[in-house]
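Worksheet: one structure, shown below.
Every read-out reported here was derived from the displayed coordinates using simple, explicitly stated rules and does not represent laboratory data. Keep in mind that this is a model prediction, so the values were computed, not measured. Quick reminder, even Gly has a Cβ in these numbers, built from the backbone with ideal geometry, and neighbours come from all protein chains shown.
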Amino acid sequence: MKNNHMKDDKKTQKDGEREEPTEEAASDNVESPEKDALAEEKNATSPPSGEELIRPDDVEAGEGEPKAESKDSPKAAEGEWYVLHTYSGYEDAVANDLQQRIESLDMSGKIFEILVPKEKQVEIKNGKRKTVEKKIFPGYVMVRMVYTPDSWFVVRNTQNVTGFIGSGVIPVPVKPEEMKSIRKRMAIDEPTFEVEYEIGETVHITDGPFKEYDGTVQEIDGQRGKLKVMVSIFGRETPVELDFLQIKRVGEG
């Protein structure tokens, strides 16, 4: 009888342990406002390589976020240039939206400048030259900023921003010499020609002494808007320098 009472006591004790949930298990069943907020933030962010393309949704909260720069640091004073990836054709819209966010969120002390690099080019259409502005890097926007958790959040959550150029989950700044080269290219007043032809392509000559001849493109000088075309004359290949306006693709009207 005594043994039976002891078994009943042990059984009751085990049953009690199963009925009372631990604090840890109970806490797992409670919805966390922080987790909900993080989930909402990720869902609201547009789905945005060495160097790689970093998409905002690939970065966990807090991951890859840097420590604040010292106020005496040159980087904190001037910032560094970073490259944003965006949908092609939305570069100017992203620049405008980001500028508005900087102003509304009072981030002008950390995000200083936004740049969509462009250069002048000469287009030739219907036998006429036209100077236009073309984006040097379609699908990219450059931002000069101090990279901190706050600035990172503002930039990566701008509409139509699809990522950063960087390594791992950390955006990589553009080297100063690269930025100088881009600035120099943008400052050139003499426009370059938009090159529509390729080396080895067959073209038809529409003007000049060799009008109505066909030839093969051998060299292209986009700066001067000239090409060297190999034309067969009396059975011999002869190089002829032509203007972009003097040729067209074979088969074009």
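Here are the numbers for the structure shown:
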| quantity | calculated |
| --- | --- |
| Segment GLU190-LYS128, extension gain: residue separation times 0.36 nm, minus the distance between their alpha carbons | 20.6 nm |
| Backbone HN-Hα couplings from phi across the stretch 167-177 [Karplus 6.51/-1.76/1.60, Hz, Gly and Pro as x] | 10, x, 10, 10, x, 9, x, 6, 5, x, 5 |
| Selection of GluC sites (Glu not before Pro), the stretch 165-234, meeting DSSP coil and at most 11 other Cβ within 10 Å | GLU198, GLU212 |
| Residues of the stretch 182-214 with amide N under 20 Å of the 7 Å Cα→Cβ point at MET230 | 197-206, 210-214 |
| Interchain or long-range residues, amide H under 5 Å from GLU80's placed H | MET145, VAL146, TYR147 |
| Listed pairs LYS184/LYS228; LYS130/LYS226; LYS130/LYS175; LYS120/LYS248; LYS175/LYS228 exceeding 25 Å between Cα atoms | LYS184/LYS228; LYS130/LYS175; LYS175/LYS228 |
| Vicinal HN-Hα couplings computed from phi for the stretch 222-231 (Karplus, 6.51 cos²θ - 1.76 cosθ + 1.60; Hz; Gly/Pro x) | x, 5, 9, x, 10, 9, 10, 10, 8, 10 |
| Order of HIS204, HIS85 under a 10 Å beta carbon neighbour criterion, fewest first | HIS204, HIS85 |
| Amide H within-cut-off set for ASP207, under 5 Å, with H built and near neighbours excluded | GLU212 |
| Projected-area mean, the stretch 211-253, by convex hull of Cα positions, square nanometres | 3.2 |
